[in-house]
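Let me begin by presenting the structure, written as structure tokens, before commenting on it.
The values are calculated or read from the model by the stated rules, or taken from the named source; none is laboratory data. Keep in mind the model is a prediction, meaning the values are calculated, not measured. We place every Cβ from the backbone using ideal geometry, glycine too, and count neighbours over all the protein chains shown.
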């Protein structure tokens, strides 16, 4: 469910453990947050969160897991889309509720090749984002906020 928010190997905002837990560092309206999400053996999804944005992140768990999807209201306007929808009836799309955290790396991906974009993303997050709050795995960072991004000098963009 969370794979689409991760930007390649070494993404400093995302870690997946051998046990299947997913760690994320993100910005929220309340400040930075680190979350860890895992599935219990009974199928229950559990999230823990740290930082000023912890409560906001926890409130968003249902949306992140796709609970806001309304598959009965979906209308496919093309045969291939209708076929895919039928084959993957249980598919849900999670919503992070944070456009900026997804938009920033997507813009980089429009400007250069995927490999270059992911390298730039890693570099920009490590240099201009904050360390992830709480007991995050080593090296995790929160993406730069819009204000932090605006403060990056032109020459630093070219270095990344």
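Restricting the search to region 27-48, which residues are in contact with a helix residue (DSSP H, G or I) (Cβ under 8 Å, 6 or more places away or on another chain) and surrounded by fewer than 15 Cβ atoms within 10 Å (Cβ to Cβ)?
Within region 27-48, 29, 30, 45 qualify.
Does residue 115 count as farther than 17 Å from residue 27 by Cα and either touching a helix residue (DSSP H, G or I) at 6+ places or on another chain (Cβ under 6 Å) or surrounded by fewer than 18 Cβ atoms within 10 Å (Cβ to Cβ) (or both)? Walk me through it before giving the result.
Working: farther than 17 Å from residue 27 by Cα: yes; either touching a helix residue (DSSP H, G or I) at 6+ places or on another chain (Cβ under 6 Å) or surrounded by fewer than 18 Cβ atoms within 10 Å (Cβ to Cβ) (or both): yes.
Judged against the criteria, residue 115 is a match.
Just one of 69, 30 is modelled with pLDDT of 90 or more, more than 30 Å from residue 119 (Cβ to Cβ) and in a loop (DSSP other than H, G, I, E, B); which is it?
Only one candidate passes the filter, namely 30.
Of 133, 144, which residue is in contact with a helix residue (DSSP H, G or I) (Cβ under 6 Å, 6 or more places away or on another chain) and either crowded, with 16+ Cβ neighbours inside 10 Å or more than 15 Å from residue 33 (Cβ to Cβ) (or both)?
Sole residue among the options that is in contact with a helix residue (DSSP H, G or I) (Cβ under 6 Å, 6 or more places away or on another chain) and either crowded, with 16+ Cβ neighbours inside 10 Å or more than 15 Å from residue 33 (Cβ to Cβ) (or both): 144.
If you take the residues of region 140-160 that are farther than 14 Å from residue 26 by Cα and assigned to a loop (DSSP other than H, G, I, E, B), which of them is modelled with the highest pLDDT?
Restricting to residues being farther than 14 Å from residue 26 by Cα and assigned to a loop (DSSP other than H, G, I, E, B), the top hit is 151.
From the residues in region 33-65 that are assigned to a loop (DSSP other than H, G, I, E, B) and touching a residue at least 12 places away in the same chain (Cβ under 8 Å), which one is farthest from residue 148 (Cα to Cα)?
Taking region 33-65 first, the residues assigned to a loop (DSSP other than H, G, I, E, B) are 40-44, 51-53, 60, 65.
Then keep just the ones that are touching a residue at least 12 places away in the same chain (Cβ under 8 Å); that gives 51-53, 60, 65.
Details: 51: 18, 52: 17, 53: 17, 60: 24, 65: 29 Å.
Once the filter is applied, the top-ranked residue is 65.
Would you pick out the residues in region 90-105 that are assigned to a helix (DSSP H, G or I) and surrounded by fewer than 12 Cβ atoms within 10 Å (Cβ to Cβ)? I'd like the intermediate steps shown before the answer.
So in region 90-105, the residues assigned to a helix (DSSP H, G or I) come out as 99-105.
Hits for region 90-105 are 99, 103.
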